[in-house]
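This report concerns only the one structure given below.
We did not get these values from a lab; they are worked out from the coordinates using the rules stated. Predicted model only: the values in this text are computed from it and were never measured. Ideal geometry is used to build each Cβ from the backbone, glycine not excepted, and the neighbour counts take in all protein chains shown.
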Amino acid sequence: MVPPVSADAYRLDWPDGFIAPATAAGWLEAFVAACPKSPWGIAGHGYFPGSATAQAGEHVRKEHLLIGFGIHGNEWGTLPAAVALALHLQSGKLVARGPVSLLLGNLDALRQDVRFVDEDFNRVFSFDQPAHSLERKRAALVRPLLDAADFFLDLHQTQTPTESAFWTFPWSDELGAWARIIGAASRGLVRAPGGAFAPGRKCLDEYVRDRGKCGITAEMGEKGASPAQAQAAYQAVARLIRAYDEHTIFGASITQLAQRMPAIDWYQTVEVLAPTEKMTRLRPGFACFTPVSAGEVLSAAGAPLIATQSGVLVFPKYPAEGEESPPELVRLAAPIPNPSELYG
């Protein structure tokens, strides 16, 4: 058995002489420089077969761990973690006993520090249309890597402020346990098993789950540079690698592994609030997990948008001046004492 490690044992650090970039494009180039050539021929992909594979008599695993960063181009606060992980996996400072892949998602959007160029990269994995956009062409390129993944952890950032990091995925006891094991967030927004995040579209983690594998997403904080988020992301991935080796090689149950880490507070969406008029706007200042009361007016002007019950707001949207409101302005979520009991 791999001996347990405390929650704060892993530290993101740099080799002597390393100069930290100040932009998303700079971190992208640092990542490419830190990674060996992709066996899949995918730009922005680092593959590490496992430092134990060449050591006679050591236990190894064949299951493939895949970690996603920068799926949206303005969500690059975790890229320093990707670079540090690549350097440490390459040097052996961080030991993995089987294959680990690190993937940067939307390279074109990262270079421009925009959410996407043509369309949302995290919605095109249904592969139901010709690959005309930059994002659909990129999706077709990385699809074989997703097909080879046994476990996919996707690290995102929110477009507006958030009170804390949080998980988002359709509930299963297995994913709930892995979220606790990884420890990237103390809160989680879950939905019924099989429920789509964006109906009619498909995210990367949904594509992996549809293959019968584990796919899970964590929102680490607000978009952009954040040393705290980079450190948290590095620790989360390091814990996942160690725990995944314990589970797949030495047979540790995910229940046992989860009990090492603090419990998570779970929430579910109880209402998706649509705009009452084309130019409806939320009141300024809402963030993910801002608490609201039943009957509270959430809109800034025009026909009122009202919270039907007490809870927290998730994914509030603030369109640009003159831009029409999106079909979904915000989600209202409420706590779930026991998701396993609720979802059976």
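Karplus couplings for the stretch 256-263 from phi (6.51 cos²θ - 1.76 cosθ + 1.60, θ = phi - 60°), rounded to Hz, Gly and Pro as x?
4, 5, 5, 5, 6, 10, x, 5
Measure off 7 Å from each Cα along the Cα-to-Cβ vector at Gln129 and Glu63, then give the distance between these two points in nanometres to one decimal.
So the label points at Gln129 and Glu63 sit 3.5 nm apart.
I'd like to know which of Thr308, Pro326, Phe289 lies farthest towards the positive end of the charge dipole of the stretch 270-343, counting +1 on Cβ of Lys and Arg and -1 on Cβ of Asp and Glu.
So the residue furthest toward the plus end is Phe289.
For the cross-link pairs Lys62/Lys202; Lys202/Lys317; Lys213/Lys317; Lys93/Lys213; Lys62/Lys223, which exceed 24 Å when the distance is taken from alpha carbon to alpha carbon?
Over 24 Å apart, Cα to Cα: Lys62/Lys202; Lys213/Lys317; Lys93/Lys213; Lys62/Lys223.
Note down the magnitude of the dipole of the chain about its Cα centre, charges +1 on Lys and Arg C-beta and -1 on Asp and Glu C-beta and zero elsewhere, to the nearest 20 debye.
In total the dipole reaches around 500 debye.
Skipping prolines and chain starts, which residues have an amide H placed within reach, meaning under 5 Å, of the one on Cys214, given they are 5 or more residues away or on another chain?
Phe152
Using a Förster distance of 41 angstrom, determine the FRET efficiency expected from the C-beta separation of Val297 and Asp13, and round it to 0.05.
0.30
For Ala192 and Arg283, compute 0.36 nm times the residue count separating them, minus their Cα-Cα distance, and round to one decimal in nm.
29.8 nm
Would you calculate the separation in nanometres between label points at Trp40 and Phe250, each defined as 7 Å from the Cα along the Cα-to-beta-carbon direction?
Calculated label separation equals 2.9 nm.
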